[in-house]
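I have placed the structure first, in the form of structure tokens, so that the comments after it can refer back to it.
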Amino acid sequence: MDPLKLKFKEKATAVAANVKKLNKDFGEIIVDDVRINQVIGGMRDIKSMLWETSELDAIEGIRFRGYNIPDLHRLLPKAKGGSEPLPEGLFWLMLTGEIPSQDEVNWLCDEWERRSELPKQVIKTIESLSLDTHPMTQFSIGILSMQSDSVFANKYREGLNKADYWDVTYEDAMNVCARIPKLAAYIYRRTYHNGNHIAPDNTLDWAGNFAHQLGYEGEDFKELMRLYLTIHADHEGGNASAHATHLVGSTLSDAYLSLSGGMNALAGPLHGLANQEVVGWITEMTDTLGTTTPSKDQIANYVKETLAAGKVVPGYGHAVLRRPDPRFIAQKEFAEKNIKNAPMVQIVWDVFEVVPPILESLGKVKNPWPNVDAHSGALLIHYGLTEYNFYTVLFGVSRTLGVLASLCWSRALGLPLERPKSVSSAWLMNFIEEKNKQ
Ligand code: NMX
Ligand code: MLT
């Protein structure tokens, strides 16, 4: 058994025993109440699922197995000469709860390289799609086209003991994480660079090699990818892409079917597509104003026009967070350190000053602060990756790590089919009527 699988098995076996006991001894204890405005309002904040890999606090932001983003920066292994965390290290942390050593991360990097070959049918399937197919659609179809390789699905068909679900899910998760940068890079080069593909450089780490296959050789861009692919990986279980992956996976659909479902959720403008929307919105603003250096007053007027047109300001607001997203701050710090005088970055920072008071003044927006998507595009534009319809695929490559590490946990804990109760509006009205009679 490989070292990560062995460690995961040890950790997960202990947690599974605890969870079983918790359920048996305290299963009837109430952890939350549900209000009508939560039933109608998208189930905000209802504590109703298990998710081991990360937890989100409204004020402090994300913690991966207890470690926040500055902790990851400090503690996770880096590439030689680099200062950004390696996403391989985060994957190890999410599966084991332990910060890996440099040797463990090197092992994982080599292991993913070994598993990274894309099956032929993936290329055939992607090539059958018209070039104007949105990159996220290509991405989701590409993931599905690998499903015939699922170790879980194939073993399940042969007859698989429940106790072994986690093992074959781990194999699927490792294969998908290994292949996913290659799939994304293939889609990028096919869609925007005439199918002029770049062979991997297996001396590089997972994120560095991804940057190379996209066609970006600068060390700063590789560092950006290491940071980007780390901070987007997981945001507890309730966000739409994680929850969709979990829901599909709970039917014992394999990692490919589950991840594709999650990526379809990420492709929506209220979720991951917001990173594309932000750059689209800024570009439209600068085109309309005829300047790439708009004043704060000009930005404020444009924000008001956006709101008056019944649209949201992309990159702002959050279903859980109530402060600026630490992932936004991490990207801002990256720009302060590595980028000087980039017009789009300056606009992002000016928007950060202008938007919150305007959203606050509406009196209904619960979080007027920027989320992760408000900053990412401006960094990519600076390094020349300007094709913003592709940005959500980058988010998807990273999110793959979190949701598939979690799928391994769900299998190891033997979590059941997810099936919450729904009610009709008539049921709710009747419920109130009955309550008023009491
Ligand atoms: N611009 C304008 N209005 C907003 C915004 C915004 N950025 N954020 C929230 N509102 C409105 C929201 O549409 C709702 O209006 P109404 O009652 O008329 O329907 C009202 O404020 C209350 O919404 P909240 O409870 O504050 O937010 P909710 O939890 O429902 O939604 C988002 C969270 C993230 C969907 C919402 O803030 C939004 O649409 N933001 C813009 C899109 C975005 O950046 N999404 C990316 C999120 C991060 N990610 O990567 O997934
Ligand atoms: C995410 O990273 O999934 C987003 O910030 C959305 C969320 O957490 O709801």
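The values are calculated or read from the model by the stated rules, or taken from the named source; none is laboratory data. Here the structure is a predicted model, which means the values were calculated and not measured. Here the Cβ positions follow ideal geometry from the backbone for every residue, glycine too, while neighbour counts run over all protein chains shown.
The number of residues in segment 271-282 being in contact with a Phe, Trp or Tyr (Cβ under 8 Å, 6 or more places away or on another chain) and more than 10 Å from ligand 2 (Cβ to nearest atom) comes to 4. Which residue is surrounded by the most Cβ atoms within 10 Å (Cβ to Cβ), if the candidates are limited to segment 296-327 and must be more than 10 Å from ligand 1 (Cβ to nearest atom) and acidic (Asp, Glu)? Out of the qualifying residues, it is Glu305.
Scan segment 53-92 for residues that are within 21 Å of Thr203 (Cβ to Cβ) and among the hydroxyl-bearing types (Ser, Thr, Tyr) and the total you get is 1. Assessment of segment 312-327 against the conditions (without any contact (Cβ under 8 Å) to a residue 12 or more places away in the chain and either outside any loop (DSSP other than H, G, I, E, B) or more than 16 Å from ligand 2 (Cβ to nearest atom) (or both)) yields no matching residue.
Residue-wise test of (1) polar (S, T, N, Q); (2) part of a loop (DSSP other than H, G, I, E, B).
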{"residue": "Ala14", "(1), (2)": "no, no"}
{"residue": "Glu28", "(1), (2)": "no, yes"}
{"residue": "Val31", "(1), (2)": "no, yes"}
{"residue": "Gln38", "(1), (2)": "yes, no"}
{"residue": "Met43", "(1), (2)": "no, yes"}
{"residue": "Ile46", "(1), (2)": "no, yes"}
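Criterion applied to Ala178, Ala233, Ala207 was being hydrophobic (A, V, I, L, M, F, W, C), closer than 26 Å to Asp2 by Cα and in a loop (DSSP other than H, G, I, E, B), and the one residue passing it is Ala233.
The set of residues from segment 228-253 being surrounded by 24 or more Cβ atoms within 10 Å (Cβ to Cβ) and more than 15 Å from ligand 2 (Cβ to nearest atom) comprises just one member, Gly249.
This table checks each residue for (1) at pLDDT 95 or above; (2) within 30 Å of Pro85 (Cβ to Cβ); (3) touching a helix residue (DSSP H, G or I) at 6+ places or on another chain (Cβ under 7 Å).
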residue: Leu4; (1), (2), (3): yes, yes, yes
residue: Asp25; (1), (2), (3): yes, no, no
residue: Glu28; (1), (2), (3): yes, no, no
residue: Ala58; (1), (2), (3): yes, yes, no
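The C-beta contact set for segment 378-402 (first residue closer than 17 Å to Val351 by Cβ, second residue crowded, with 24+ Cβ neighbours inside 10 Å and among the basic types (Lys, Arg), distance under 9 angstrom, 6+ apart or interchain) is empty.
Determine, yes or no, whether Ser376 is at pLDDT 95 or above, among the hydroxyl-bearing types (Ser, Thr, Tyr) and within 16 Å of ligand 2 (Cβ to nearest atom). The answer is yes for Ser376.
Condition check ((1) free of Cβ contacts under 8 Å to residues at least 24 places away in the same chain; (2) in contact with a Phe, Trp or Tyr (Cβ under 8 Å, 6 or more places away or on another chain)) across all residues:
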| site | (1), (2) |
| --- | --- |
| Lys5 | no, yes |
| Lys21 | yes, no |
| Arg44 | no, no |
| Ile59 | no, no |
| Ile69 | no, no |
| Gly82 | no, no |
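What number of residues within segment 268-284 satisfy the criterion of being of a type in the set (A, V, I, L, M, F, W, C), within 13 Å of the chain's Cα centre (by Cα) and surrounded by fewer than 22 Cβ atoms within 10 Å (Cβ to Cβ)?
Going through segment 268-284, the residues of a type in the set (A, V, I, L, M, F, W, C) turn out to be 270, 273-274, 278-279, 281-282.
After this cut, where a residue has to be within 13 Å of the chain's Cα centre (by Cα) as well, the list is 273-274.
Those left that are additionally surrounded by fewer than 22 Cβ atoms within 10 Å (Cβ to Cβ): 273.
Number of matching residues: 1.
Per the listing Val365, Val372, Val348, the residue uniquely within 16 Å of ligand 1 (Cβ to nearest atom), of a type in the set (Val, Ile, Thr) and either without any contact (Cβ under 8 Å) to a residue 12 or more places away in the chain or in contact with an Asp or Glu (Cβ under 9 Å, 6 or more places away or on another chain) (or both) is Val372.
Filtering Gly280, Gly218, Gly249 for residues that are within 16 Å of ligand 1 (Cβ to nearest atom) and touching a residue at least 12 places away in the same chain (Cβ under 8 Å) leaves a single hit, Gly280. Of the set (1) within 16 Å of ligand 2 (Cβ to nearest atom); (2) in a helix (DSSP H, G or I), all apply to Gly268 but (2).
Of the candidates Tyr170, Tyr165, Tyr228, Tyr156, the single residue that is assigned to a helix (DSSP H, G or I), within 16 Å of ligand 1 (Cβ to nearest atom), at pLDDT 95 or above and aromatic (Phe, Trp, Tyr) is Tyr228. Tell me, which residue of segment 328-348 that is over 17 Å from the mean Cα position of the chain (by Cα) and small (Gly, Ala, Ser) is nearest to ligand 2 (Cβ to nearest atom)? Among them, the one singled out is Ala335. Which of the residues belonging to segment 46-81 are surrounded by fewer than 19 Cβ atoms within 10 Å (Cβ to Cβ), farther than 26 Å from Asn23 by Cα, over 18 Å from the mean Cα position of the chain (by Cα) and among the small types (Gly, Ala, Ser)? Scanning segment 46-81 gives a single hit, Gly81. Residues of segment 152-179 that are free of Cβ contacts under 8 Å to residues at least 60 places away in the same chain and among the acidic types (Asp, Glu): Glu158, Asp164, Glu171. Residues in segment 142-187 that are out of contact with any helix residue (DSSP H, G or I) (no Cβ under 6 Å at 6 or more places or on another chain) and closer than 17 Å to Glu127 by Cβ: Arg179, Lys182, Tyr186.
Taking the numbered list (1) within 16 Å of ligand 2 (Cβ to nearest atom); (2) in a loop (DSSP other than H, G, I, E, B) in turn, Tyr391 passes all entries but (2).
Only a single criterion out of (1) within 11 Å of ligand 1 (Cβ to nearest atom); (2) under 30 Å from Glu84 (Cβ atoms) is not satisfied by Ala330, namely (1).
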